[in-house]
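The values are calculated or read from the model by the stated rules, or taken from the named source; none is laboratory data. None of these values were measured; they are calculated from a predicted model. Cβ placement follows ideal geometry from the backbone for every residue including glycine, while neighbour counts extend to all protein chains displayed.
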Amino acid sequence: MRKRLKRLGAEKRYTFIARVTKYSFKRGFINNLPLKTILLTKVMCNGEPVADHVWMNCGRRFCSLLPQVRQWLQFNARITKYHRKDGTEDYRLSYPSKVSFLHKTPCKRAWNTKMKEMGISQHDKEKLIRVLSN
């Protein structure tokens, strides 16, 4: 699934939609202080799934919104490469910005406006709704 992240490339920022699934902590680099992390699932870009899940540091942009589990977020991010502990290469989302709730207003008109702003066609919208409902 992360091969789609590789295909998008790291030249520019992309707009992603993801579902908040879980919060956790990891050991930090400075004094082993715990860092809060957030698990995002069903990560999509332009209506296409690009990753089944992504762990991200819960920095000031994510935590300032106080997203609850099962809420959908929209944010811009870059795709960067990293090396896992076993030496394999993988891709992650870095430098999030413009983080907002996707379903701030449940109104159908607001939903359609948001889809138009993101450049998602009617066909992609129907596909997105099927993915979101699972």
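Numbers at a glance
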item: Which listed residue is modelled with pLDDT under 85 and under 12 Å from the mean Cα position of the chain (by Cα), from LEU102, LEU66, LEU33; result: LEU102
item: Residues that are in contact (Cβ under 8 Å) with a residue 12 or more places away in the chain, farther than 15 Å from MET56 by Cβ and part of a helix (DSSP H, G or I), drawn from segment 1-15; result: ARG4, LYS6, LEU8
item: Residue list for segment 10-42, restricted to those being on the phi > 0 side of the Ramachandran plot and out of contact with any strand residue (DSSP E or B) (no Cβ under 7 Å at 6 or more places or on another chain); result: ASN31, ASN32
item: Residues of segment 16-51 that turn out to be surrounded by 14 or more Cβ atoms within 10 Å (Cβ to Cβ) and in a loop (DSSP other than H, G, I, E, B), as a count; result: 2
item: Residues (over 16 Å from ARG78 (Cα atoms), of a type outside the set (S, T, N, Q) and at pLDDT 90 or above) located in segment 36-51; result: ILE38, LEU39, LYS42
item: From LYS12, LYS6, residue being in contact with a Phe, Trp or Tyr (Cβ under 6 Å, 6 or more places away or on another chain) and within 19 Å of LYS81 (Cα to Cα); result: LYS6
item: Residue match in segment 43-62 (condition: touching a residue at least 40 places away in the same chain (Cβ under 8 Å) and either on the phi > 0 side of the Ramachandran plot or of a type in the set (Lys, Arg) (or both)); result: yes
item: Unmet requirement for LYS81, which otherwise passes all of (1) at pLDDT 85 or above; (2) surrounded by 18 or more Cβ atoms within 10 Å (Cβ to Cβ); result: (2)
